[in-house]
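In what follows, a single structure is set out as structure tokens and then discussed.
The values are calculated or read from the model by the stated rules, or taken from the named source; none is laboratory data. Predicted model, so just to flag it, every value in this text is computed and none were measured. Glycine also receives a Cβ, built like all others from the backbone with ideal geometry; neighbour counts cover every protein chain displayed. For the accessible areas, the whole protein counts, side chains as well, though only heavy atoms, and no ligand, DNA or RNA atoms are used. Shrake-Rupley method; radii C 1.70, N 1.55, O 1.52, S 1.80 Å.
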Amino acid sequence: MMDLNNLYDVHCHSPKVGVKSIVNYYEGFSTMQGAPYVSAGIHPWYPDKTSLQELESILSKKELIAIGECGLDKVCSTDWELQLDLFKSQIVLADRYGKPLIIHCVRAWSELIASLKGVRVPVVIHGFNKGVELAKALLAEGYYISIGLTALKPGMEELIKAIPVEKMFCETDDRAESVVEVYKAIAAIKEIDLNSFALQVQKNVLKVFEIE
């Protein structure tokens, strides 16, 4: 039987029952009290929801273990130069405070990699569901890849097999389903023991987010 105490949902928007959740905020930073693990950042979709100053004011909080989701998105309506400025500023804050980055990226992968050159903290690409070659390019940069339910649709088996478990996380993002389903699906695709996979992801979480 799987030990749910070993399961982490590294990116969600509300805590999930029975597992350890890293709850993401892109606004309302003052409402973070009560969540044991939190990420906070300026999302490229919502640049007006908060400010860099407000973000920096909470970075010393113990429960805040990552900056993000932040990143670049060529599909949304936010001005591109503003996106770049906000993203680069959050990279600076991440390095200054020693906080890992949780990344949102849409059709801006080369610009993302260029912006992250020289970053000193771990980088987690959230909700990845693209091709194997792009995954390999991101892994070559040393990034971690977080998989959610969108990457578990038919035809994505090759992608899942290509990502080493040592570089993998599981998440639910804004979905209502439990992250348990993600763990089960990945373990089945990789043909590995479910508990062994959960233990490796736990090791990844403890290493990257420095959770005690």
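Tell me, which strands (runs of 3 or more DSSP E) wholly within the range 1-70 include 2 or more residues that are open to solvent by 10 Å² or more (accessible area, probe 1.4 Å) and at pLDDT 85 or above? Break it down into steps so the answer makes sense when it comes.
Details: elements: 8-12, 20-25, 38-40.
So the answer is 20-25.
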task = Say whether the condition of being more than 20 Å from Tyr25 (Cβ to Cβ), open to solvent by 30 Å² or more (accessible area, probe 1.4 Å) and within 17 Å of the chain's Cα centre (by Cα) is met by at least one residue in the range 74-87.
result = no
inquiry  = If I filter the range 105-118 for residues that are among the β-branched types (Val, Ile, Thr), more than 13 Å from the chain's Cα centre (by Cα) and on the phi < 0 side of the Ramachandran plot, do I get at least one hit?
reply    = yes
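Can we say Lys74 is out of contact with any strand residue (DSSP E or B) (no Cβ under 7 Å at 6 or more places or on another chain) and more than 17 Å from Val179 (Cβ to Cβ)?
Working: out of contact with any strand residue (DSSP E or B) (no Cβ under 7 Å at 6 or more places or on another chain): no; more than 17 Å from Val179 (Cβ to Cβ): yes.
Spelling it out, it is not the case that Lys74 is out of contact with any strand residue (DSSP E or B) (no Cβ under 7 Å at 6 or more places or on another chain) and more than 17 Å from Val179 (Cβ to Cβ).
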